[in-house]
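Asker: This is the structure I have questions about; it appears just below.
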Amino acid sequence: MKPAATFGSGILVLLGLLALGTLGTIGMIAAGVLAVGFTMLVVLGTDRLGTLALLFAMLFAPLNDVRPADAVKFVTFSDLFFLVGFALLVPTMLMRKSRVPIGFAVAGGLVLVTTVIASLLNAEPLMSLNYGFRLVSAVVVLPLLFLWWRPSLKLIDGLAWAFVAGQVISLAGGFVVGANPNGRYMGLTTHTNFFALGALMSFGMLIHLYSRYQTTGMRLLVWAAGVAVITSAVLSGSRASLLGMVMLAVLYPLVERSALSAYLVVSAAIVGLASLNWLISIAGESSALARLKGDSTASYSDLAREQAFATGLEEFLAKPLQGNGFDITALDAHNVYLQVAVGIGIFGALAFVMVLWNLIVPLFRPGPMRRLGYVPLSYAAVAVITNSLWDRFVWAGLALAALAAVYSDSEDPSASDDASTDHVDPSPVRRTETTLTAWEQSFTAGKHRAPTHTPEIM
């Protein structure tokens, strides 16, 4: 019966695709995409295909101008791949115990509650809930899905590389498209500041990736990618993201307690200051370096930010407790913390800060993934002068960084899960320490000695 049922299901799917293909060009494209998807599902299975989809989601996260349709401008390819990927991974995730840090769970719950309350009290609750859903999806849901999934250490590195690769592709696309009329580049994004924020997120991930490799070849690859993301920030003209990179470079020797890193940072600063004018002549007068020195566009941006901050502060003081909810002006304050306070009140803003703190704090604890904490640290710093509140190119990186908390206390956080399922010894003989061979004893003794020996958790 099984072969007959499988054959019958295949015939029905084929007929459905043929019918879809008769609906014009869009139908033909949709049928082709579904045909490829069904084929990959059969060949790879739900777990591998879901993982592949999430790798593509991270790849497309910095490419927010690459969209499936102009009619739905708020939906990106990254959104679609995240949706498909996690949907396919539901069976895998249901077999795992949820390991969500209590601090993040409380803060995320408060963000959800305050968003709903502020929206219901808004004059147009449906519109407010629409925007509020974007906030909750980015700040709460996406990190929770990553925490529930808990990919292996190597796969986390792969997801980080996918994001960095997307930023490098965006830079290459920027060179092809060329600069804006104002001389600033925005890559394959919808705004120069978004291009720069993708570079800043990538910079934080590269700090993590550099620590994960000991071979010269891989570290040179990290350095090459670092040059690309720094170039992105400079050409974007965004002073905030470039300053965020400088902040990470200065903090790194302090956090890591590395004298060599401190020496390199000081040396780079001296060389950079000495060659600043030469660098500006190469990067252009609209680059972030030139705008840091001060020009007419920088002065205009500073004035606009001051006015937006004053307006946002006035709106916050009008309803400091319950918030004003969200509308089309939700991002006008150009300060993430003030925008959240305006939208969902002081308690919602405190909950938002708690979310960021729970993502940053693993940086100061032991664990193989702790340096992912540089990603939310950089965002928390530049959030005071940006309006990127719920963008996927920000929260894809921050959601990945949430996994550092899972690995902070143990190198194998799902060992208990696996021990009860996949790694049960079928032998009726109970093995003890005295029955281990010399090789097994040495392997067991060194199993948790360094992060590089940590078994994969799929």
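Just so you know, all these numbers are worked out from the coordinates, no wet-lab data involved. What you see is a predicted model; the values in this text were computed from it and never measured. Virtual Cβ from ideal backbone geometry, glycine too; neighbours counted across all protein chains shown.
Asker: All other residues with a Cβ under 15 Å from the Cβ of ASP327 taken together, and with Lys, Arg as +1 and Asp, Glu as -1, what is their net charge?
Answerer: Charge balance near ASP327 sits at -1.
Asker: So who's got an amide H within less than 5 Å of the one on GLY237, skipping anything under 5 residues away but keeping other chains? H placed 1.01 Å off N, in plane.
Answerer: TYR185, ALA288
Asker: With the crude spin-label approximation of a point 7 Å out along Cα→Cβ, what separation in nm comes out for GLU124 versus ILE270?
Answerer: 5.9 nm
Asker: Binning every alpha carbon pair distance of the range 323-389 at 5 Å from zero, what are the percents per bin?
Answerer: Bins of 5 Å from zero give 4, 18, 23, 21, 14, 10, 6, 3, 1 percent of pairs.
Asker: Using a 7 Å offset from Cα along Cα-Cβ at ILE328, what residues in the range 109-130 end up with backbone N under 18 Å from the label point?
Answerer: The answer is 123-130, whose backbone nitrogens lie closer than 18 Å to the label point.
Asker: Would you kindly derive the ³J(HN,Hα) couplings of the range 172-183 from the backbone phi angles with the Karplus curve 6.51 cos²θ - 1.76 cosθ + 1.60 (θ = phi - 60°), listing them in order in whole Hz, with x for Gly and Pro?
Answerer: Karplus-based 3J(HN,Hα) across the range 172-183 equals 4, x, x, 5, 5, 6, x, 7, 5, x, 7, x Hz.
Asker: For LEU377, what charge total do you get from the other residues with a beta carbon under 15 Å from its beta carbon, if Lys and Arg give +1 and Asp and Glu give -1?
Answerer: Here the count lands on +2.
Asker: Moving on to the next point. Extension gain VAL246-VAL75, at 0.36 nm per residue separation less the Cα-Cα distance, in nm?
Answerer: Additional length available on full extension: 58.3 nm.
Asker: Right, next: How do 345-355, 372-382, 85-95 rank on mean C-beta neighbours within 10 Å, highest first?
Answerer: Descending mean neighbour count gives 372-382, 345-355, 85-95.
Asker: Could you grab the relative contact order for the range 36-406? Cα pairs under 8 Å, six or more apart, rounded to a whole percent.
Answerer: About 23 percent, as a whole number.
Asker: So for the range 36-406, what percent of the C-alpha to C-alpha distances run longer than 33 Å?
Answerer: 29 percent
Asker: Put a dot 7 Å past each Cα toward the Cβ at LEU317 and VAL43; how far apart are the dots in nm?
Answerer: It is 6.3 nm.
Asker: Continuing with the same structure: How do the peptides 175-184, 59-68 rank, highest first, by the average count of neighbouring beta carbon atoms within 10 Å per residue?
Answerer: Answer by packing, highest mean first, reads 59-68, 175-184.
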